[in-house]
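The structure appears below as structure tokens.
The values are calculated or read from the model by the stated rules, or taken from the named source; none is laboratory data. None of the values given here were measured: they were computed from a predicted structure. With ideal geometry, Cβ positions are generated from the backbone for all residues, glycine too; neighbour counts draw on all protein chains shown. The accessibility values were calculated without ligands, DNA or RNA, using every heavy atom of the protein model including side chains. Shrake-Rupley method; radii C 1.70, N 1.55, O 1.52, S 1.80 Å.
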Amino acid sequence: MASDPVPPVKPITPTSPHDFIEGVDIPPSKPDATAHEATKETSAKPKAVDCEIDGATVEQTMPFNGADIGDKACGVAAPVKLLGIHDRDHRTSFSSPITVSCEFAKVFAEWLQEDVLPAAEEHLEHSIVKLRNGPGYQCRRRNNQPDGKLSEHALGKAVDLTGFQLGDSTFVSVQEDWGAETREGRFLKSIHASACKRFTTVLGPDADPNHKSHFHLDIGCHGKSCTYLICQ
């Protein structure tokens, strides 16, 4: 007697764009024990990035993903926590740890060591003992708007700075001292100019009202060749 015809496979719409459905009438084969152990080995948790930066205190951090915002996802593939910078004579701490990508951390640390600290000695005649900073990574859009492009903060490629604490307890405020014909104002102008030679985006109080209180620094890609720079 002829066998019954095999019913056609019915397509199923995935419940999410990440679902993968191979077929409904053919159950997947069970892997043997050896294959299972191999899968466990290859699917082990990702390791913290090995990110060494001369003269910086760095805490290694596990890669992580954040929420989806529109068609973009937050997260940092190679994150670290920057805790401070130092040389033989001075230590500069941060008001809070800065979680950023290893790539950004290197650019930021070099700017502080090679441009900011020497500028403080030149214009202010004192060393910087603490930076007043934001956290670096934040899963959000630009300027905290409800729509629009993803912020570089959401990729760990940006940080905001509001001020600098000196060794004599003087505080240099971006909001209060920017544009002033004082040693503090000249210091801020100097480091803003040097930042424009290292980062792809530098926004300060002259950029727009959203940045009147801080410097925003990032290494985001602008233009098709990623060579367009924004310095305001």
- Message: Could you check the stretch 125-138 and list, in sequence order, the residues that are outside any loop (DSSP other than H, G, I, E, B), open to solvent by 30 Å² or more (accessible area, probe 1.4 Å) and either farther than 22 Å from Lys106 by Cβ or among the polar types (S, T, N, Q) (or both)?
- Response: Val129
- Is the stretch 211-227 home to any residue that is in contact with a helix residue (DSSP H, G or I) (Cβ under 6 Å, 6 or more places away or on another chain), in a strand (DSSP E or B), open to solvent by less than 30 Å² (accessible area, probe 1.4 Å) and not hydrophobic (A, V, I, L, M, F, W, C)? yes
- Which of the following residues is touching a residue at least 60 places away in the same chain (Cβ under 8 Å) and either open to solvent by 20 Å² or more (accessible area, probe 1.4 Å) or among the acidic types (Asp, Glu) (or both): Ser169, Ser190? Ser190
- Check on Gly163, open to solvent by less than 60 Å² (accessible area, probe 1.4 Å), touching an Asp or Glu at 6+ places or on another chain (Cβ under 9 Å) and in a strand (DSSP E or B): yes
- Message: Return the residues of the stretch 59-72 that are surrounded by 14 or more Cβ atoms within 10 Å (Cβ to Cβ) and either in contact with a Lys or Arg (Cβ under 7 Å, 6 or more places away or on another chain) or not in a strand (DSSP E or B) (or both); say none if nothing qualifies.
- Response: Thr61, Pro63, Ile69
- Task: Just give me the residues in the stretch 73-110 being part of a helix (DSSP H, G or I), in contact with a strand residue (DSSP E or B) (Cβ under 8 Å, 6 or more places away or on another chain) and touching a residue at least 60 places away in the same chain (Cβ under 8 Å), in sequence order.
- Result: Phe104, Phe108
- Query: Is the stretch 139-157 home to any residue that is aliphatic (A, V, I, L, M) and open to solvent by 20 Å² or more (accessible area, probe 1.4 Å)?
  - Reply: yes
